[in-house]
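Okay, so here's the structure we're looking at.
The values are calculated or read from the model by the stated rules, or taken from the named source; none is laboratory data. All values derive from a computational prediction rather than experimental measurement. No Cβ is skipped: glycine too gets one built from the backbone with ideal geometry, and neighbour counts run over all protein chains shown.
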Amino acid sequence: MNELIETKALDNKALTSLDYAKSLQITNDAICQEAIDYEHGLSALIKEIEATFGPHKDAAHKTWKGLVAEEKRHVDPVEEAKRLIKGKRITYDTEQTRIRKEAEAKLQAEARRLAEEAREVRDQHRGALETVRQERELLRVAGETARIAGEEARAAAEEARHAAMDAVRATADTLQANLEQMKVVEEMRRALRGLRDADKISSN
């Protein structure tokens, strides 16, 4: 910038004013008035500086505007390319999301179907197990009934055997008693015959 604009005199004035302000000590009215006058001079210096740089600033501004326009001319197609790519990417992502959701929905439906089939098989298996359990229970009851019937039959047979043995013993006892009675009768008959024979002998 200094190569285009002569600023040496302005540099000296600016540095001098700063040195003055730093070393200023206001101790009376005269110095205060001097400071006021110097401050007015600084305002004039600022205007001088602005007047010096103003034309260059205007030219620089025009150059800046041209650069901005040129930059925009180059950036616009790049921005358009980005916009197109982003739009196509969003379209692709949206389609992929739709495909993924459809696939997930199919998988969920298949999972529900398999779960339902598994539930039906489980229910059938449970029913079959219940049938087997009932049949086992019936077999157990039948076996228990048969066991009880067998025990009752054995008890009845044993009772019949005892009754038969008792009957045989009773019959044997009866026969024995009859034999004893027959022996007594036979002895009485013998005794009577003996008496008869004795009477016959006596009468002769």
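Tabulated data for the structure shown
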| read-out | value |
| --- | --- |
| From 131, 97, 52, 91, residue being part of a helix (DSSP H, G or I) and within 30 Å of residue 14 (Cβ to Cβ) | 52 |
| Residues within segment 30-49 that are closer than 18 Å to residue 15 by Cα and either of a type outside the set (D, E, K, R) or not in a helix (DSSP H, G or I) (or both), tallied | 10 |
| Cβ pairs under 9 Å, 6+ apart, first in segment 40-67 and modelled with pLDDT under 90, second outside any helix (DSSP H, G or I) and polar (S, T, N, Q) | 49/7; 52/7; 53/7 |
| Of residues in segment 154-204 being of a type in the set (S, T, N, Q) and either modelled with pLDDT of 85 or more or assigned to a helix (DSSP H, G or I) (or both), the one nearest to the chain's Cα centre (by Cα) | 171 |
